[in-house]
Every structure is written in C-alpha cells, then in structure tokens.
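Colleague: Right, I'll just put the structure down here and ask away after.
All of the numbers you see were taken from the coordinates with simple rules; none came from a lab. Nothing here was measured: the structure is a model prediction, and the numbers come from that model. Using ideal geometry, Cβ is built from the backbone for each residue, glycine included, and neighbour counts are taken over all protein chains shown.
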Amino acid sequence: MNIKVSDLDHLKGEPLPFRLTLDADELKRRHQEIRGLTPVEVSGEAAKLGNLYYVKGELKSDVDFVCARCLKPFTRHTAVPFAETFAPAESAEDEDQDSDILPLEGDEIELNPLLQEDFLLAIPAFPLCEEECKGLCPECGVNRNEQACECKHERIDPRLAGLADFFKDSK
Ligand SMILES: [Zn+2]
Ligand SMILES: [Zn+2]
C-alpha cells in the first residue's frame with residue numbers, strides 16, 4: 001500500500017488513518033526463526049507536519065517459534081510499534097548521516113517494504129519460550145521446565161555404574 005504525499009498535503013496536518021495486511025509467507029521466508037505466523041495486521045496513521053511527513057502505528061501477528069533452549073514450539077502474540085519520518089528528497093540534503101529521517105522519493109510513501117523491515121527487526125534471533133527457560137538436560141535430554149532430573153547430583157562414576165547394574169541383575 002502506498003500513501004500519496006499530495007493527500008497528506010491536502011489534509012494540512014490532519015492525520016490520515018490506514019489499515020493494511022502484510023503477506024505472512026514472504027516474512028516467514030525472510031526470517032529463519034519464524035516457523036509460521038498469521039497475516040500481519042497493520043493499523044496506523046500518516047500526517048504532514050511542517051516540512052516532514054510521518055507514519056506511525058502498530059504491527060500485530062501471532063508468530064510461531066521453536067524455543068532455542070528447550071526446542072518446544074510456542075506461539076507469541078507479537079505487537080511491534082513503528083514510527084518513521086520522511087523529508088522530501090531535495091530538503092534532506094543536510095547530509096546528516098545519523099538522521100533517522102528518510103528521504104522521500106517520488107510522490108508516494110511505499111509502506112510495505114518499510115513495515116516488513118520493522119517487523120523482521122523485532123523478531124528475536126534466539127527465541128525463548130520464557131525468559132527463564134531451563135532448557136534440556138545435556139545428560140538425559142529431559143525438558144527441565146517440565147521435569148526435574150538429578151543428573152548433575154547423581155552423576156555416577158562409570159566404573160560404579162557397571163557395579164550398580166550387576167547388583168540390579170542379581171536380584
Ligand atoms: Zn524453552
Ligand atoms: Zn538429566
């Protein structure tokens with residue numbers, strides 16, 4: 001979806017609300033941690049203020065991940081706020097490298113590529129089912145969030161393990 005700059009000029013600072021949906025398949029392809037997601041619902045508004053144009057709003061989707069520690073699949077409701085500022089290309093000549101102001105090429109603001117980037121930047125590279133996820137036990141592979149295991153404490157000397165089996169069998 002594109003927003004016509006001339007529409008914003010006519011509105012003289014009055015915000016123009018917009019709604020759109022981003023394609024889920026494309027986003028999934030572009031981020032390896034996204035295992036699935038609902039179409040990304042976007043609601044926002046655009047306005048002209050002074051010489052600058054603004055768009056802001058929120059992106060929403062339910063995203064499926066696999067926990068990087070315990071490998072459990074989980075779904076997270078993801079809401080990403082966004083805010084972008086544009087200046088007409090000719091007035092953005094101040095060469096301010098650090099500026100967050102984007103140059104406005106042509107007479108339309110192209111929302112989709114911009115919002116796709118904002119969404120992908122908010123996706124974790126190391127998703128966790130919960131902050132405190134205890135992960136899998138490296139010894140027995142048990143999910144330590146669901147089940148306690150005592151591998152660490154009862155780590156049997158391999159030489160004694162054989163002995164334990166011997167006694168078990170002899171019962
Ligand atoms: Zn986990
Ligand atoms: Zn264990």
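Colleague: Could you derive backbone 3J(HN,Hα) for segment 28-39 from the dihedral phi with the Karplus parameters 6.51, -1.76 and 1.60 (θ = phi - 60°), listing whole Hz in sequence and x where the residue is Gly or Pro?
Modeller: Along segment 28-39, the couplings run 4, 5, 8, 9, 5, 7, 7, 8, x, 6, 7, x Hz.
Colleague: Now for a different question. Out of residues 5 or more away from D62 or on other chains, whose amide H comes under 5 Å of its own, with H placed 1.01 Å from N in the peptide plane?
Modeller: HN-HN under 5 Å from D62: T38, T78.
Colleague: So which of K4/K56; K60/K134; K28/K134; K28/K60; K72/K134 end up more than 18 Å apart by C-alpha?
Modeller: Numbers: K4/K56 15 Å; K60/K134 28 Å; K28/K134 27 Å; K28/K60 14 Å; K72/K134 12 Å.
In this structure, K60/K134; K28/K134 lie more than 18 Å apart at Cα.
Colleague: Given a Förster radius of 22 Å and the C-beta distance between D23 and D64 as r, what FRET efficiency does 1/(1 + (r/R0)^6) yield to the nearest 0.05? Let's see the in-between values first.
Modeller: Working: r = 16 Å, r/R0 = 0.74.
Once the sixth-power term is evaluated, E becomes 0.85.
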